Amino acid sequence: MFSKSFTAALFALSVASSVSATCTRSYTVKAGDICDSISAANNVSTYQLATVNFGHIDPECSNLLIGDNICLGHEGQDCTSTYVVKLDDTCEQISAITGVNTTTLYLNNPQINAGCTNIYVGEVLCAASSLQAPPPPVGADIPAATIPATATPAPPSTKPTPAPAPAAPAPAAPAPQDNNDEDDDDLPFCDEL
């Protein structure tokens, strides 16, 4: 019982602290925006955008509304040095490119798993050389950032996305033809078998 009360209090405290934090930068959502496009254009990590707007932007980033004003960063916790993940990037490569050691990269981007296997092309990471990322609110999910902003929010999906159908196998190559009829004279005809 104590753990449930403690968790509820901690959640309330984290929500209250994120609400009471001073927003230093904001953005007005435009048609076609997704969380990653907003992040890339405004030098704010995808994680930070999700964290400072926890409870306002849903985990799928599917409820962006055109004209909505969202916060980009809080005072004292606003990472403006960013890196956009490219195809085949690894955390070690990102660390070398940005000059940020991997420990700091992971601390500023706590959504990255230990093996760095969950980063995705287009994700915007904090690439600051000092700790600048806001702490995650209790129960926060990072938006997938793949759904464009619309005039009305999309209803939440209740079905998983089906996997694409497997490709049809390639047709087998035809067997080579033997055009040498001289060797076949001693073979019986089919009706003789």
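Would you call residue 59 more than 17 Å from the chain's Cα centre (by Cα) and modelled with pLDDT under 90? No. Of the listed requirements (1) touching a residue at least 40 places away in the same chain (Cβ under 8 Å); (2) farther than 15 Å from residue 25 by Cβ; (3) not polar (S, T, N, Q), residue 88 misses just one: (1). Taken together, the criteria exclude residue 43 from residues that are at pLDDT below 95 and buried (at least 17 other Cβ atoms within 10 Å of the Cβ). Under the condition of being in contact with a Phe, Trp or Tyr (Cβ under 8 Å, 6 or more places away or on another chain) and crowded, with 16+ Cβ neighbours inside 10 Å, the residues counted in region 46-70 number 1.
The values are calculated or read from the model by the stated rules, or taken from the named source; none is laboratory data. In this text, all values refer to a predicted model and were calculated from it rather than measured experimentally. Positions of Cβ are backbone-derived with ideal geometry, glycine not excepted, and every protein chain shown enters the neighbour counts.
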